[in-house]
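Heads up: the structure comes next, in structure tokens.
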Amino acid sequence: MFRYYLRLALLSLKRNPILSTLMVAAIGIGIGVCMTALTVYYLMSADPIPAKSSQLFAVQLDSWDPNQPVSEARPEQAPWQLTYRDAMALRESDIATHETAMYYSARIVVSENEAVPPFLAWVRLADADFFSMFGVPFLYGGPWSSEVDETARPVVVLSKRTNEQVFGGANSVGSDLQLDDQIYRVVGVLEEWNPIPKIYDVNNGPFNDTEDIFLPFSLAELASDRRSEGNTSCWKDEDITSYTGFLNSECVWIQYWAELDSPAQVREYQAFLDNYVREQQRLGRFERPLNNRLTSARDWLDVREVVRDDNRVLVSLAFMFLAVCVLNTVGLLLAKFAGKAPQISLRRALGASRGTTFAQYLVEIGLVGIAGGLLGLGLAFLGLAGVRSFEGEYSKLAHLDPVLVGAAILIALLSSLAAGLYPTWRACRIPPAAHLKTQ
Amino acid sequence: MEIRPILSALLRNRTGAVLIALQIAVTLAVVINAAHIVKQRLDLIGRPTGMDVANIFEVHSFDFAGEFNYRERVRGDLELLRNMPGVRAATVMNQVPLSGGGSSSGYFREPEREGPEVAGNHFTVDEQAVDTLGVSLSAGRNFRLEEIDYMDLDNVDVDSVLVTAAFAERLFPDGDALGSTIYSGGGDPLTIIGIIEHMHGSWVDWEELDQVVLLPVYVEQDFVRYVVRTEPGRRDEVLGIVEQKLSELDRERAVRGVRSMEELAAESYRGDRMMAVLLTAVIFLLIAITALGIVGLASFSVKSRTKQIGTRRAIGASRFDIVRYFLVENWLITTGGVILGSVLAVAFNLWLVRTFELPKLDFIYIPLGILALWILGQLAVLGPARRAASIAPAIATRTV
């Protein structure tokens with residue numbers, strides 16, 4: 001029966017090519033606009049580490065100014081980052097399964113190869129656990145040993161592109177690499193890795209590329225010439241006259257993540273943080289009310305408001321656009337079915353029930369929906385190419401994936417069915433006798 | 001006018017009319033709000049920056065050999081840059097305005113963080129910065145060559161500053177900023193020696209973008225950021241060879257990062273530009289869809305009323321009467337649509353304002369939108385109406 005309906009539907013669509021084209025175009029354009037807006041939104045809010053996003057926790061301590069919260073707009077919040085001294089203190093704990101302090105910096109790569117001129121590379125200084133926590137894939141070698149986290153050694157992990165740039169893509173593990181005026185030993189080379197959003201550090205461009213080079217966090221202490229290139233916020237008047245002074249200051253600039261595998265572990269870690277802060281309060285620091293926060297990676301993107309309001313506005317406008325397209329299709333279908341009254345009457349007179357007539361026309365409308373969905377995907381493809389032409393983060397946030405393709409077809413089907421329901425219902429209510437008489 | 005019969009005919013056959021009216025209502029709501037956002041973004045992008053953005057670029061030099069002499073490095077590079085043909089001025093800055101990178105701190109009128117605090121986006125510069133950025137002083141004087149000191153990063157401590165008028169007004173509402181002393185946190189006093197009429201700072205989405213403070217100091221680091229202003233129209237020519245010229249001066253360092261201020265600003269406004277372009281596309285597509293919908297339904301209505309139109313023609317209605325009938329009918333439907341649409345537009349805007357803190361709708365958009373949709377409706381219905389007018393009166397006498 002379904003195949004018969006399908007054939008009837010195709011025939012009917014062919015009989016009225018202009019109306020059919022207009023309907024497919026209306027649904028198609030609506031879907032195209034919707035999917036363009038939705039894709040950017042969906043990719044912006046994607047969970048980049050679904051396997052671990054409920055075990056990884058961003059750590060916040062409220063070390064801010066006793067006189068005012070860190071953000072007047074969100075007074076319940078603590079600073080997003082930690083001070084160096086607090087990060088160093090938290091690293092001493094062994095409650096968390098894994099943990100890492102980290103920050104964003106830069107180094108100059110000086111290659112032995114004359115053909116590769118020195119270049120500025122973006123660097124993440126992190127603890128060895130960083131790689132396993134965030135599921136960073138290695139092409140060659142692996143992370144440095146955890147002893148390096150205690151006693152700094154000049155070792156380095158390269159991103160795939162940096163390894164290609166400097167070593168032509170060869171296995172460079174064990175090779176030397178000069179950063180500024182120091183020699184480092186390569187211990188690992190990463191696979192292509194680009195989490196979107198860059199969840200481990202949304203302070204410094206949530207859609208930026210991953211760093212070119214990874215160095216042990218333990219080197220931070222010695223890196224007075226190459227400091228953090230990331231967001232650094234200070235509130236206290238401190239007479240900072242040296243790098244050591246900066247490291248001991250109340251400035252926050254370190255991101256801190258802990259992997260906590262069970263609720264009990266989360267509670268234990270929270271208690272540890274609170275105890276640490278109370279201890280510091282006795283020493284005259286942390287004068288604000290206790291506000292230490294553990295936020296899972298899953299919630300972190302929401303808390304950090306990574307999705308821009310603009311993208312939400314675009315999505316809401318796009319769905320209103322789709323609503324206009326659906327209304328348009330309702331009108332076109334009414335017109336189409338009105339012209340079919342004699343045919344419907346004939347079929348009904350010959351014994352087709354209202355239900356079967358209804359089903360038959362829904363198949364036809366479904367067909368319009370699928371065609372519209374396919375056209376919409378094509379248009380979304382063009383729309384996303386347009387979005388990509390803005391470059392920057394948009395070149396990463398404008399790609400269709402299978403989920404989105406499925407969503408497009410589903411939305412197209414749903415909107416065409418929504419458009420078809422009333423016209424079909426009306427068509428099926430036509431009293432057959434009236435139309436048969438005039439013929 | 002025969003409004004009443006048209007209206008009663010409309011009411012008898014409501015569905016099509018209601019659909020078009022609804023479509024027009026949603027279209028109006030979307031178009032008005034989208035146009036409002038587009039206008040607001042274009043205004044944002046087009047704000048006067050106070051600087052000669054079109055003729056400025058940056059270039060970095062970094063030393064990696066360990067031992068190097070900052071003063072010699074900067075002196076040599078600046079001499080070369082300033083003497084390049086086509087270059088008007090050059091300076092050393094910690095960051096470039098409009099680039100999204102920068103530093104800010106709180107400034108006070110009293111020492112020890114007493115009294116009101118005003119945020120200032122500060123840049124370290126030398127005496128050519130005013131000319132390099134192309135900003136103009138509305139009061140006071142520029143830095144003198146001998147006022148520019150060399151300091152290390154942890155010990156920046158200057159005596160005098162230039163501030164923008166917007167910053168000065170916030171900290172000194174009575175207008176006595178020039179010559180006054182200000183404090184950055186608990187630091188030493190800074191004297192305001194000059195007021196910059198207007199200048200944008202680092203972050204284009206910052207509300208206090210025009211609160212800028214210039215500090216006269218060379219910060220001794222192995223990474224130096226030069227900012228260069230060329231003669232009008234000669235930027236690309238100078239920008240093309242600057243990397244090579246600086247490298248030739250000394251090959252024991254790397255010269256990189258040549259970027260025009262225009263490019264940096266465009267990146268900062270990327271989101272706003274995308275919003276403006278996408279929403280403009282949405283507006284045009286939506287208008288096209290709605291126009292097609294009107295044409296479609298009007299054509300259908302002409303077709304189903306063929307006999308009636310023929311009858312009217314047969315009993316004396318002119319072609320113009322027929323065209324007018326459809327125009328008036330469309331006008332009535334559109335009017336219904338825009339009335340509902342105005343309410344929807346305002347409601348939608350309120351929701352946008354409340355949820356996303358978008359600016360409130362300027363009410364001038366509503367009459368403009370209504371006018372546009374009236375015209376759109378009339379134009380869209382004109383084709384079908386003229387086809388209706390060409391129906392021969394004789395059709396009335398046929399059975400089908």
(request) Using just the helices of chain B, give the 222 nm mean residue ellipticity in deg cm²/dmol: DSSP H runs with n ≥ 4 each add -39,500 (n - 2.57), and the total is spread over all residues, rounded to 500. (result) -17000 deg cm²/dmol
(message) So, R0 is 35 Å and r is the distance between the beta-carbons of residue B:138 and residue A:389; what FRET efficiency does that work out to, to 0.05?
(response) 0.30
(request) Compute, for residue A:304, the solvent-accessible surface of its heavy atoms (probe 1.4 Å) with the complete set of protein chains present, and express it in square angstrom to the nearest 10. (result) 40
(message) Check which residues have an amide H placed less than 5 Å from residue B:138's amide H, if you skip close sequence neighbours.
(response) B:195, B:196, B:197
(request) Identify, among B:232, B:290, A:101, the residue whose Cα sits farthest towards the positive end of the charge dipole of the protein assembly as shown, taking +1 on the Cβ of Lys and Arg and -1 on the Cβ of Asp and Glu, with the dipole about the Cα centre. (result) B:290
(request) Compute the Cα gyration tensor for the stretch A:164-233, then decide on rounded, prolate or oblate, letting a ≥ b ≥ c be the square roots of its eigenvalues: rounded whenever a/c is under 1.5, prolate when a/b is larger than b/c in the other cases, and oblate in all that remain. (result) oblate
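If you take every DSSP beta bridge whose two residues both sit in chain B, what share of them, in percent to the nearest 5, is antiparallel?
Here the antiparallel bridges make up roughly 70 percent for chain B.
For chain A, what does the helix formula give at 222 nm: sum of -39500 (n - 2.57) over DSSP H segments with n ≥ 4, over the residue count, nearest 500 deg cm²/dmol? Mind showing how you got there, number by number?
Numbers: 14 runs with 208 residues, N = 439.
Calculated at 222 nm, the ellipticity per residue is -15500 deg cm²/dmol.
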(message) How high is the relative contact order of the stretch B:147-287? Use alpha-carbon pairs under 8 Å, at least six apart in sequence, and give a whole percent.
(response) 24
(request) Restricting things to alpha carbons, tell me how big the stretch B:64-252 is in terms of Rg and Dmax, in Å. (result) 17.1, 53
(request) For chain B, build the charge dipole from Cβ charges (+1 Lys, Arg; -1 Asp, Glu) around the Cα centre, then report which of B:138, B:215, B:38 sits farthest towards its positive end. (result) B:38
(request) Return a whole-number percent for the relative contact order of chain B, with Cα pairs under 8 Å and 6 or more residues apart as the contact set. (result) 28
(message) Output wanted: per-residue J couplings in Hz (rounded whole) for the stretch A:305-316, from phi through Karplus 6.51 cos²θ - 1.76 cosθ + 1.60, θ = phi - 60°, x for Gly and Pro.
(response) 6, 5, 6, 7, 3, 3, 6, 5, 4, 4, 5, 5
(message) Normalised by the empirical 2.2 N^0.38 Å for globular proteins, what value does the Cα Rg of chain A take?
(response) 1.37
(message) For a quick check, take a GNM of chain B with Cα springs below 10 Å and name the residue from B:201, B:185, B:240 with the largest mean-square fluctuation.
(response) B:240
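Peptide A:310-322: average number of partner chain Cβ atoms within 10 Å per residue?
Numbers: counts 10, 3, 3, 9, 7, 0, 7, 13, 3, 1, 10, 9, 0.
The per-residue average across the peptide is 6.
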(request) Calculate what fraction, in whole %, of the accessible area of the protein assembly as shown sits on carbon and sulfur atoms when a 1.4 Å probe is rolled over the protein chains. (result) 56
(request) Work out the length of the dipole vector of chain A about its Cα centre, built from +1 on the beta-carbon of each Lys and Arg and -1 on the beta-carbon of each Asp and Glu, and round it to the nearest 20 debye. (result) 4560
(request) Give a residue-ordered list of calculated ³J(HN,Hα) values for the stretch A:382-387 (Karplus: 6.51 cos²θ - 1.76 cosθ + 1.60, θ = phi - 60°; whole Hz; x for Gly, Pro). (result) 5, x, 5, 4, x, 5
(request) Let me have the relative contact order for the stretch B:64-252, percent, based on Cα pairs under 8 Å that are six or more residues apart. (result) 32
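If you put +1 on each Lys and Arg Cβ and -1 on each Asp and Glu Cβ, how big is the dipole of the stretch A:56-303 around its Cα centre, in Debye rounded to 20? Numbers along the way, then the final one.
Working: 20 positive and 40 negative charges, 45 e Å.
Dipole of the stretch A:56-303, to the nearest 20 debye: 220 debye.
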(message) Restricting to bridges with both residues inside the protein assembly as shown, how much of the DSSP beta-bridge set is antiparallel, in percent to the nearest 5?
(response) 75
(message) What do you get for GluC sites (Glu not before Pro) in the stretch B:73-178 restricted to DSSP loop and a cutoff of at most 10 other Cβ within 10 Å of the site's Cβ?
(response) B:112, B:114
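Calculate the all-directions average of the projected area of the protein assembly as shown's alpha-carbon convex hull, and give it in nm².
Working: hull surface 177.8 nm².
Reported value for the Cα convex hull: 44.4 nm².
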(request) Please pull out the direction-averaged projected area of the stretch B:98-179, using the convex hull of its alpha-carbon atoms, in nm² to one decimal place. (result) 6.5
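The values are calculated or read from the model by the stated rules, or taken from the named source; none is laboratory data. Just so you know, these numbers come straight off a predicted model, no measurement behind them. A quick note on method: Cβ atoms are made from the backbone with ideal geometry, for glycine too, and the neighbour counts reach across all protein chains shown. For accessibility, only protein heavy atoms count, side chains too; no ligands or nucleic acids. Shrake-Rupley method; radii C 1.70, N 1.55, O 1.52, S 1.80 Å.
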